[in-house]
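A.B. asks: Quick one: the structure is below, questions incoming.
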Amino acid sequence: MLYSEKVMDHFTHPRNVGTIENADGVGEVGNAKCGDIMKIFLKISKDGIIDDVKFSTFGCGSAIASSSMATEMIKGKPVSEALELTNKAVVEALDGLPAHKIHCSVLAEEAVKAAVKDYYDKNGISYDPEMFKEKHDCEHCGE
């Protein structure tokens with residue numbers, strides 16, 4: 001079978017779908033090659049915990065499953081932990097993705113980071129720009 005049970009579950013029953021009005025951080029990323037667009041919304045408490053996270057994804061089943069899993073992995077966690085989310089961790093949590101779909105997990109990582117960066121920018125929180133540089137290692141997507 002091409003997709004794991006977890007991928008199929010998160011595709012057919014995605015978690016945290018939707019938007020958050022007046023979100024504390026919003027990150028939107030896209031991949032021109034495949035046409036996938038992913039948007040992540042964060043609601044962050046005063047003590048830096050991600051109280052709520054929602055996503056809106058236009059894309060294939062792998063993109064939807066990656067978005068769903070990424071939101072599950074950061075919900076209830078400190079913002080600093082969300083920044084440590086990697087596409088590899090998303091792929092592992094989904095019990096793997098086909099090689100030509102790895103870029104979907106990369107989008108999930110980038111969308112989370114973009115939402116955190118937006119939160120930092122809106123709140124005047126200083127950060128090291130290096131934290132937001134793309135550094136995924138994806139030999140399959142050519143990026």
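The values are calculated or read from the model by the stated rules, or taken from the named source; none is laboratory data. Keep in mind that this is a model prediction, so the values were computed, not measured. Reconstructed Cβ throughout: ideal geometry from the backbone, glycine too, with neighbour counts over all protein chains shown.
A.B. asks: If the Cβ limit is 8 Å and pairs must be 6+ apart or interchain, which residue in segment 122-143 that is of a type in the set (A, V, I, L, M) pairs with which residue that is modelled with pLDDT of 85 or more and assigned to a loop (DSSP other than H, G, I, E, B)?
C.D. replies: Pairs that qualify, where the first residue is of a type in the set (A, V, I, L, M) and the partner is modelled with pLDDT of 85 or more and assigned to a loop (DSSP other than H, G, I, E, B), are Met131/Leu83.
A.B. asks: Turning to a different aspect of this structure: Take the residues in segment 1-20 that are part of a helix (DSSP H, G or I) and in contact (Cβ under 8 Å) with a residue 60 or more places away in the chain, then tell me which one is farthest from Ser67 (Cα to Cα).
C.D. replies: Going through segment 1-20, the residues part of a helix (DSSP H, G or I) turn out to be 5-12.
Of the ones still in play, those that are also in contact (Cβ under 8 Å) with a residue 60 or more places away in the chain are 5-7, 10.
Values: Glu5: 16, Lys6: 13, Val7: 11, His10: 9 Å.
Out of the qualifying residues, it is Glu5.
A.B. asks: Could you grab me the full set of residues in segment 86-106 that are surrounded by 23 or more Cβ atoms within 10 Å (Cβ to Cβ) and within 10 Å of the chain's Cα centre (by Cα)?
C.D. replies: Hits for segment 86-106 are Asn87, Val90, Cys104, Ser105, Val106.
A.B. asks: Identify the residue in segment 35-61 that is assigned to a strand (DSSP E or B) and acidic (Asp, Glu) and, among all such residues, is nearest to His103 (Cα to Cα). Don't jump to the end; show me each part of the working.
C.D. replies: Applying the first criterion (assigned to a strand (DSSP E or B)) to segment 35-61 yields 37-44, 49-58.
Within this subset, residues satisfying the condition of being acidic (Asp, Glu) are 51-52.
Working: Asp51: 27, Asp52: 25 Å.
Among those that are assigned to a strand (DSSP E or B) and acidic (Asp, Glu), it is Asp52.
A.B. asks: Please work out which residue is farthest from Val106 (Cα to Cα), limiting yourself to segment 19-78 and to residues that are among the aromatic types (Phe, Trp, Tyr) and in contact with an Asp or Glu (Cβ under 9 Å, 6 or more places away or on another chain).
C.D. replies: Here is the first cut: in segment 19-78, the residues among the aromatic types (Phe, Trp, Tyr) are 41, 55, 58.
From the residues that got through so far, the ones that are in contact with an Asp or Glu (Cβ under 9 Å, 6 or more places away or on another chain) too are 41, 58.
Values: Phe41: 17, Phe58: 15 Å.
The extreme case among them is Phe41.
A.B. asks: Considering Asp36, Asp24, which residue is touching a His at 6+ places or on another chain (Cβ under 9 Å) and surrounded by 18 or more Cβ atoms within 10 Å (Cβ to Cβ)? Full working, then the answer.
C.D. replies: On the way: Asp24 fails: touching a His at 6+ places or on another chain (Cβ under 9 Å).
The unique qualifying residue is Asp36.
A.B. asks: Here's another thing I want to ask about it. Enumerate the pairs (first residue in segment 104-115 and farther than 17 Å from Ile50 by Cβ; second residue anywhere and polar (S, T, N, Q)) with beta-carbon separation below 7 Å, excluding pairs fewer than 6 apart on the same chain, so at least 6 apart or on different chains.
C.D. replies: Cys104/Ser62; Cys104/Ser66; Ser105/Ser66; Ser105/Asn87; Val106/Asn87; Leu107/Asn31; Leu107/Ser66
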